[in-house]
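One structure below.
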Amino acid sequence: MIKHSLSRRAFLAHSGLGIAGLALFNTPLRALALQEGETVIPWLDQRAENPVPQAIANQRTWEELASWITPNDQFFSIAHYNRPEIDAAAWQLEVGGLVNEPMTLTLDDIKALPRQEVTFTLECSGNSGLPFFDAGIGNAVWAGTPLAALLDSAGIAEGGREVVFFGADTGEETIREQAVTQNFARSMSLADAMNPENLLVYEMNGEALPAANGFPLRLIAPGWFGIANVKWLTRIEVWDTRLMNRFMARDYVTLRNEGTADAPVWVESSVGRTLLKSAPGRVVQSGDSYRIDGAAWGAPIAAVEVQIDGGDWLPAQLDESQQAEYAWTFWSLDWPDAAAGEHSITSRAIDTAGNVQPAPDDPSLATKITYWESNGQITRQVSIG
Ligand SMILES: Nc1nc2c(c(=O)[nH]1)N[C@H]1C(S)=C(S)[C@@H](COP(=O)(O)O)O[C@H]1N2
Ligand SMILES: [Mo]
């Protein structure tokens, strides 16, 4: 499956169809567009009111899920500090630290470098972990230039082993009782940074990157949770040590008891790669027939199963007309015998290695006491009239 999508992507890139294909995104694809006579039944369980609207913006509802590519104006955005409005003409990217040739690049310099696209479903690692956060996910075609080639041309100097990405946004942090101003930043190992899929992105779904999503330039690291995808980039530095800021070492940290209740062993880990996950998206009614549509992502998807009212797991049909290595897969299940009354609907994804999305009481989740990386099976409630 991975091989298939790789060769397909390579084909699209070489034939130039990647760009022509964008025209398709303007019209919702038939598999998801509601047909005449179809209506969506809203879920009974709706998320709580968002107490941090500045930080988490433009969350949509799953019932609205109408196209495999999320239009830019429907994409969620996260800002831990301010939301910078950057003047592209005055903006520059600096590449420095442990490199042989430090560089300063304008946006035009970056756009003149080789262009590459990736379709990647970006999910915040906090998604589904908080009662007011259940739609921190979207899928886009991102275009930019490969990070690895840029690092290669700067040349990694002796001792360089970590790549640190700085955003233009700043905030006040209190570290051991000292108030300090910091830029948003994240780092990844040089080996991870050199992944040929990582892009310095200036375009989203064929348009300039919107301000909310990182204009003029952001990192897109396919296969990593949202936090790694640094927006409003201004500086890339190669270091000989890991970055230990809030977003690496304090805030985006998962805490788990890997011992027992009696003899706990607390293990902290920095949020990193995406996890296997799925969600029921919407229930569609057409006369007496019902259908459940949803999405699965975070790992190469082999199958999705759906459980209604705690019954047998039923195989959903995957939408093979719209798939890409790092993108969500849409699925649906016909529900012909839906009876009047309230029902619960749960989905679980299975990846190509045979891993099953864990139930909420699975030890991998039950021992976790922080809300990050909540990839447990999601259950929604619906009332059939
Ligand atoms: N500079 C900067 N980059 C950032 C953030 C931020 O606050 N500042 N938030 C991160 C988080 S937590 C997520 S989930 C993604 C969200 O990307 P989006 O806003 O384009 O949806 O951006 C990441 N990149
Ligand atoms: Mo996030």
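The values are calculated or read from the model by the stated rules, or taken from the named source; none is laboratory data. Fair warning: this is a prediction, and the values are worked out from it, not measured in the lab. Reconstructed Cβ throughout: ideal geometry from the backbone, glycine too, with neighbour counts over all protein chains shown.
Restricting the stretch 90-124 to residues that are under 18 Å from residue 204 (Cβ atoms) and of a type in the set (S, T, N, Q) leaves a set whose member that is farthest from ligand 1 (Cβ to nearest atom) is 116. Here the strands (runs of 3 or more DSSP E) wholly within the stretch 149-243 that include at least 1 residues being modelled with pLDDT of 95 or more and more than 23 Å from residue 79 (Cα to Cα) are 162-175, 178-189, 233-239.
Let's see how each residue does on (1) among the aromatic types (Phe, Trp, Tyr); (2) more than 15 Å from residue 198 (Cβ to Cβ); (3) not assigned by TED's automatic domain parsing to the domain that holds residue 365:
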site: 215; (1), (2), (3): yes, yes, yes
site: 221; (1), (2), (3): no, no, yes
site: 224; (1), (2), (3): yes, no, yes
site: 228; (1), (2), (3): no, no, yes
site: 232; (1), (2), (3): yes, yes, yes
site: 235; (1), (2), (3): no, yes, yes
site: 244; (1), (2), (3): no, yes, yes
site: 247; (1), (2), (3): yes, yes, yes
site: 251; (1), (2), (3): no, yes, yes
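Under the condition of being acidic (Asp, Glu), within 30 Å of residue 339 (Cα to Cα) and either modelled with pLDDT under 95 or part of a strand (DSSP E or B) (or both), the residues counted in the stretch 252-311 number 3. Scanning the stretch 170-186 for residues that are more than 13 Å from ligand 1 (Cβ to nearest atom) and either of a type outside the set (D, E, K, R) or closer than 21 Å to residue 160 by Cα (or both) returns 174, 175, 178, 179, 180, 181.
Filtering 271, 382 for residues that are aliphatic (A, V, I, L, M) and either touching a His at 6+ places or on another chain (Cβ under 6 Å) or over 17 Å from residue 127 (Cβ atoms) (or both) leaves a single hit, 382. Given the criteria crowded, with 21+ Cβ neighbours inside 10 Å and under 30 Å from residue 67 (Cα atoms), does residue 129 qualify? It is false that residue 129 is crowded, with 21+ Cβ neighbours inside 10 Å and under 30 Å from residue 67 (Cα atoms). Check the stretch 69-90 and report whether any residue there is closer than 30 Å to residue 271 by Cα, surrounded by fewer than 13 Cβ atoms within 10 Å (Cβ to Cβ) and more than 16 Å from ligand 2 (Cβ to nearest atom). Yes: one or more hits. Going through (1) at pLDDT 95 or above; (2) on the phi < 0 side of the Ramachandran plot one by one, residue 354 falls short only on (2). So, residue 215, is that one surrounded by 15 or more Cβ atoms within 10 Å (Cβ to Cβ), farther than 22 Å from residue 99 by Cα and within 16 Å of ligand 2 (Cβ to nearest atom) or not? No; evaluated as a whole, the condition is false for this residue.
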